[in-house]
Structure formats: C-alpha cells, structure tokens
Amino acid sequence: MLIHEDNSTPLVAVNLLYDVGSRDENPERTGFAHLFEHLMFGGSKNAPDFDDPIQRAGGENNAFTNNDMTSFYASVPAENLETLLWLESDRMLALNINKRALNVQRKVVVEEFKETTLNEPYGDIWHHIGDMVFKKHPYRWPVIGLVPQHIEDANLEDVKAFFKSFYVPNNAILTIVGNFSKIKDGTEGVQRMVEKWFSTIPAGEVPKRNLPQEPPQMAEIRRTVEANVPLDALYILFRAPSRTHEDYYALDLLTDVLASGASSRFFRKLLKEKRLFSEIDCAQTGNLDPGLVIIDGKPTEGVTLEQMEAAIWEELELIKNEPIAEDELQKLKNRVESQQAFGDVGALNKAMNLSFYELIGKPDLINTEIEHYQAVQVVDIQRVARDIFRKENASVLYYKAKK
C-alpha cells in the first residue's frame, strides 16, 4: 500500500494494480486477463453494479490490461474515498463469477475481438508481430488473445481458478493519492479505512512466475501478408531490453531522436524532405521482460515498401556511425523532463505511476527517474543504436493492401 497526500486537488485517486497480464495466461487459454478486466465491472456480492455508486459519489473510473499488469483506477471527491475502497475490496473478496456474468462478458470480449482484430484495418498486426519475434515467451500472443475460441470455450472452473490465483491482496498494489484534509485524522484515517476494508481478505497462493525466455535472435526474419487495408504498411521490429534494464533510458531517447516531433530524423528527412512516407513512427514497448523497438510507416503514393525499408536502414546506419549533437540530446532530455513534470501533476497520474514503480520494486523513481535520463551521454545513444539496429536482430513485415 502506498499513500501520498496532495492538497493541490480536492480529489482523491485510487489505483489498484494487479500483478497479472497476458504473459501469465495458459497458451491454450489466452485473453483471460483482458476478460477479467471486463468481469471486474460485472458486480460483486454487496455491489451488484460497480459504476453507479462511483458516479453517484461524483467519481470516474476505468481500467486497462496489458502484457504485464491489470490496473483499475478511479477518482472521487475526497470525502467519498471510502466508497471507492468498499467497492474495490468487495470485488476482490466476492466478485460475481457465475454462468450469467461469464456469458455476458464473454460475448462482449468476443465481439471486441471481432471488431478490433478481425474487422479493423491492420487490427491483426500484433498477431503477426508476436508470432514473428517471440517463439517461446508469452508475449507471442496479444493481450486480447490468440483466437476468440479461447474465450468462447472458457468454462466457469477455469475462470474461477484464474481469479483465485491472481486477484488477491498479496498480488496487488493499492495506491491512494489526494487531499486528505476532509478525512478524519488525515493520512492515519486513510490507513484505517484501508485496514477496515482490506485486512480481512485472505491472501492467495500466487503461482510463481517462471516464464520461458527467448534465445537471442541470430538471423533476420521476414514476412509478407496481404489484407483488405487502404494502404501498404511497413513494420521493422527489433529485440530490445526490458523496462528495468539500464539501457532503457538511452533507448527511449534514441527513439525520440528518430521519431518524436517535427525535428526528428524520420519526420524531417523521410517524410518532409524525401516524401517517402505519409506517416512514420518509432517507439519501444518498455515491457517488464525484454520487448521490442517498433518502426512502422505507410507510404506516399507510388512509393514501394522496398524503398521505404532502404530509407529507414540508411537513417539507422547514420545514427549508428555519426554521433548526435550534444545540444540535440539535451533538448530531448529537457522535453522528457517537462513531460514527466506535467504527467505527475494530477492525483490520478501520480497514483498510477507510483503503483507501477512499486511493481518494478523502485517506488523512488517517481522522484529520481529524470536523473537517469539526464545521465545518458551521446556515446550511450550510439552504443545502444549499434547494439539494437542490426540486421540479424530485425524482423521485417510487409503488410500489403490487396489489389
């Protein structure tokens, strides 16, 4: 549990982060973490509807699931904090997991799969990316799941077992940030509320995570697919270190050099000057296990995927062999610092960031992370570029529009 008082806001934000994501699923039962994001809003023993009490308390709430975690977050006027804690504790202890609830949410999730993956242009891209790059690690399937049949075939026993394994107090991080002035005894009063609603919930037996790790990629991987999409698209994927690796910060700044803002290399040279791309991006996934750097783009009229790929490799070779200017790097660091300062203004952002930093075992990063960015040197950018942007570390996907 993390509690942080912030009197700059009349609100209190609560983030309950569960240490479970799609990487914790059975390969024959994918999509369960995402399914539970939906089931958790289906009501519990003492709160048949989750959203209505929060709305009547003047609050808002939502959730997200990714490969590594599931996060539920909400904010209310400070005097209504106990409503949030009651609701979160009730669904942790006594979530409605029955045939009716499962059937309702199963239909919702399967429909979402069809709408966003099967029927949306480029919707299946994460299926191709995962299948190309990951052969052993569970990042090889997307958060929504491999196939809708895994959710369609989910039985009540499987679903209850998944909940019992992961949605327990000893697998969760509760963070509360906000104005405690209207709460009796302030911070101590908040602590008593948490103890009142959560202390009697029994701990579970969380499975020990022992995920298969990917061996180093030794040769370039290539794939071409055709689909009913409006434009061709190019994806170049590189294996990258995890969010907790020491090179995360240098790599984050490197992707900014390439594709963050109008002065970035890709935007200025490939989109504006050479007019090869109608759009282009570069980012790292920042997963808790080793993830990816993804470069993706779409062409302007008459430009081939081969031309696009060659132009990208030309820029990557330049960044590997010609050091960037010190002032260019400092501008990027200053931008990151301002973005972080702005992102930590709201109580909800603070709560979510604190929960994440606690998950990776480094809660002090909320105050010190910018120091890691400021410590990055030009030579670090060049070293990481040479390590990551290699042909044998690349997977290239040509996503072609059917003629």
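Derivation of every value follows stated rules applied to the coordinates shown; laboratory data play no part. Quick caveat: nothing in here was measured; it's all calculated off a predicted structure. Positions of Cβ are generated from backbone atoms using ideal geometry, with glycine treated the same way; all protein chains shown enter the neighbour counts.
Quick notes on this structure:
- More than 34 Å apart - percent of Cα-Cα pairs taken over the chain: 38
- Assigned charges on the beta-carbon of Lys, Arg, Asp, Glu; the chain dipole about Cα centre (debye): 700
- Scaled against the 2.2 N^0.38 Å expected of a compact globular protein of N residues, the Cα radius of gyration of region 93-221 reads 1.47.
- Taking Lys and Arg as +1 and Asp and Glu as -1, the other residues whose beta-carbon sits under 13 Å from that of Leu254 total -2.
- Taking a Cβ cut-off of under 9 Å around Arg29, the surrounding Lys, Arg, Asp and Glu residues balance to a net charge of -4, with basic ones at +1 and acidic ones at -1.
- 15 Å beta-carbon shell around Gly361, net charge (K/R +1, D/E -1): -4
- Pairs of Lys residues in region 149-283, spaced 8 or more positions apart or belonging to different chains, with C-alpha separations under 19 angstrom: 4 in total.
- Net lengthening on full extension, Gln339/Asn98 (0.36 nm per residue, minus Cα-Cα): 82.4 nm
- The order of the peptides 267-273, 222-228, 346-352, 25-31 by mean Cβ neighbours within 10 Å, most packed first, is 346-352, 25-31, 267-273, 222-228.
- Crossing angle, helix 305-321 versus the chain [Cα axis fit, 0-90 degrees, rounded to tens]: 90
- log₁₀ of I(q)/I(0) at q = 0.15 Å⁻¹ - region 195-276, Debye sum with one point per alpha carbon: -0.91
- Over the chain, Cα pairs under 8 Å with separation of 6+ residues give a relative contact order of 22 percent.
- Global geometry of region 221-401, whether rounded, prolate or oblate, following the gyration tensor of its Cα atoms and the 1.5 cut on a/c: prolate
- Which of Val379, Cys282, Ile319, positive extreme of dipole for region 268-403 (C-beta unit charges): Cys282
- Phi-based couplings in Hz for region 232-249 (Karplus 6.51, -1.76, 1.60; Gly and Pro marked x): 4, 9, 10, 10, 10, 10, 10, 4, 9, x, 6, 4, 8, 6, 5, 8, 4, 6
- Leu305, Leu84, Leu231, Leu118 arranged by Cβ crowding within 10 Å, fewest neighbours leading: Leu118, Leu231, Leu305, Leu84
- About its Cα centre, the dipole of region 275-401 is roughly 160 debye, where the only charges are +1 on Lys and Arg Cβ and -1 on Asp and Glu Cβ.
- The gain in end-to-end length when the Leu156 to Asn119 segment is fully stretched comes to 10.5 nm, 0.36 nm per residue minus the alpha carbon separation.
- The GNM of the chain, with springs linking C-alpha atoms under 10 angstrom apart, assigns the highest mean-square fluctuation among Ala259, Ala341, Ala78 to Ala341.
- Its relative contact order, with pairs defined as Cα atoms under 8 Å and 6+ residues apart, puts region 2-198 at 38 percent.
- Largest-first principal axis extents, alpha carbons of region 2-198, Å: 54, 34, 30
- Highest-MSF residue in the chain out of Asp158, Asp281, Asp252 [GNM, Cα springs under 10 Å]: Asp158
- Residue-averaged 222 nm ellipticity for the chain, from DSSP H runs of 4+ at -39500 (n - 2.57), nearest 500: -12500 deg cm²/dmol
- Vicinal HN-Hα couplings computed from phi for region 112-119 (Karplus, 6.51 cos²θ - 1.76 cosθ + 1.60; Hz; Gly/Pro x): 5, 4, 5, 5, 8, 10, 8, 10
- Once both labels are positioned 7 Å from their Cα atoms along Cα-to-Cβ, the gap between Thr224 and Val379 label points is 4.4 nm.
- Considering only Thr175, Ser165, Leu93, and ranking their Cα positions along the charge dipole of the chain that arises from unit charges at the beta-carbon of Lys, Arg, Asp and Glu, the one farthest toward the positive end is Ser165.
- Cα gyration tensor, region 226-312 - rounded (a/c under 1.5), prolate or oblate: oblate
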